[in-house]
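Heads up, the thing below is written out as structure tokens.
The values are calculated or read from the model by the stated rules, or taken from the named source; none is laboratory data. Please read all numbers here as calculations on a predicted model, not as lab measurements. Because the Cβ atoms are built from the backbone with ideal geometry, glycine has one as well, and the counts that use them run over all protein chains shown. Accessible surface is based on the protein model in full, side chains and every heavy atom, while ligands, DNA and RNA are left aside. Shrake-Rupley method; radii C 1.70, N 1.55, O 1.52, S 1.80 Å.
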Amino acid sequence: MFLTGLMHASPDDGGMRLLALTLLCWSLATSAEPQFRDVRLADDVILRFAWIPGGRHAVGDVTGSGQRDEQPTRQVELDGFWLMTHEFTRKAFGWYVRVAAVVLPSGCQVYRDDWAWDENASWNSPGHEQSDAEPVVCLSWHEVQAMVEWLRARGIRVRLPSEAEWEAAARGGTTSTWFWGEDRLGLCRHANSADKTLAPHHPSFSIVACDDGHYRTAPVASFEPNAFGLHDVYGNVWEWVQDCWNESYVGAPADGSAWLEGDCERRGFRGGGWGDIPAYARSAIRNRTAALNRKDDVGFRLVLEPD
């Protein structure tokens, strides 16, 4: 039922197979071109992962203009890993709900003129219209974990990324505010955030003076990717990470693994959402909420562990 495979030519038969495999591993580690791997859950449900190269990555307030919880800036030594190229979609989550026969309760924080709990809102009815190609929202951290465990029990070794992994991937090898540099107008090429399309609906919001064409969530991968082949790392929806919440990076794991100490009743999420200004849609930004909470601008993407 589940198939995985690298998106590369297969090694030749005979004595060339070992050489081809060696060259493939070298290519994954050194190539400047994005490398992808697919996991097929069903004929029409495929999760695509991009290779994030290992090595030393900057994490935190690199530019000196961030928040206190982004300090101290640190370097983490990460092994390479596979991360979904875009946020988990309604279509993929709907497949899981059907196949696993999951019944999820309704209730979600929905933003209209302010945040309010809507007892009727849910992942498939989040208070605004969505297509199957848009990111699933209104899921608690625990509900995402339940899906992860269900997939792992069936041989699909996925998990949420750590904060350090998420940020290293979002940066795309850079140490600038955004992966393309310091020009905030680049958001409309690369992200769905607070812009001219949103302004008529929320005139009090600060916006970036460009138009990304979407008010609420946009179909995933609608915008240009970073150097690793990742779409939507800023804007569209915030993304759950594995870590418990801590008010700074003091004491954080040096190897970039998930920080499982601190306030574990709250969990972090990263990247900004469809209504966030440039200051809240960038590589280093951190946020959190109760792990039991659901919000209409929080989704997730997954890491695929090595075979």
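For the chain, what is the accessible area per residue in Å², given a 1.4 Å probe and the full set of protein chains?
So the chain comes to 44 Å² accessible per residue, rounded to a whole number.
Write down the Å³ per residue value for the convex hull defined by the alpha carbon atoms of the stretch 206-307.
Cα convex hull per residue, to the nearest whole number: 142 Å³.
Counting only protein heavy atoms and using a 1.4 Å probe, what share of the accessible area of the stretch 63-171 belongs to carbon plus sulfur, as a whole percent?
C and S fraction of accessible area: 45 percent.
Charges on Cβ only, +1 for Lys and Arg, -1 for Asp and Glu, centred on the Cα centroid of the chain; of V220, A279, A101, which one is farthest towards the dipole's positive end?
A101
Please compute the length gained on full extension between L104 and A32, using 0.36 nm multiplied by the number of residues separating them and subtracting their Cα-Cα distance.
Gain in length upon complete extension: 21.7 nm.
Per-residue counts of other Cβ atoms within 10 Å, averaged by peptide: what ranking do you get for 293-306, 146-159, highest first?
293-306, 146-159
Over all directions, what mean area does the Cα convex hull of the chain project, stated in square nanometres?
Its average projected convex-hull area is 16.0 nm².
I need the calculated FRET efficiency for the pair L260 and N124, taking r as the beta carbon distance and R₀ as 22 Å, to the nearest 0.05.
Rounded to the nearest 0.05, the efficiency is 0.10.
What does the charge dipole of the stretch 65-197 about its Cα centre add up to, to the nearest 20 debye, if the Cβ of each Lys and Arg holds +1 and the Cβ of each Asp and Glu holds -1?
With only Lys, Arg, Asp and Glu charged at Cβ, the dipole is about 460 debye.
When 1/r is averaged over all different Cα pairs and the result inverted, which Kirkwood radius in Å belongs to the stretch 140-277?
Hydrodynamic radius (Kirkwood, Cα pairs) of the stretch 140-277 is 16.4 Å.
Give, in nm to one decimal, the length gained when the segment between W150 and C210 is fully stretched (0.36 nm per residue of separation minus the Cα-Cα distance).
Answer, rounded to one decimal: 17.5 nm.
So if R0 is 30 Å, what FRET efficiency would A290 and A199 give, r being the distance between their Cβ atoms, rounded to the nearest 0.05?
Step by step, r from the Cβ atoms, then E = 0.50.
Non-local amide H neighbours of R301 (under 5 Å, H modeled in plane, Pro and chain starts lacking H): which ones?
F88, W240
How big is D, in µm² s⁻¹, for the stretch 51-96 by Stokes-Einstein at 10 °C and 1.306 mPa s if Rh is the Kirkwood radius over C-alpha pairs?
119
Rounding to the nearest 20 debye, state how big the charge dipole of the chain is about its Cα centre with +1 on each Lys and Arg Cβ and -1 on each Asp and Glu Cβ.
300
Determine, from the Cβ-Cβ distance of S176 and D114 and an R0 of 45 Å, the FRET efficiency 1/(1 + (r/R0)^6), rounded to the nearest 0.05.
0.85
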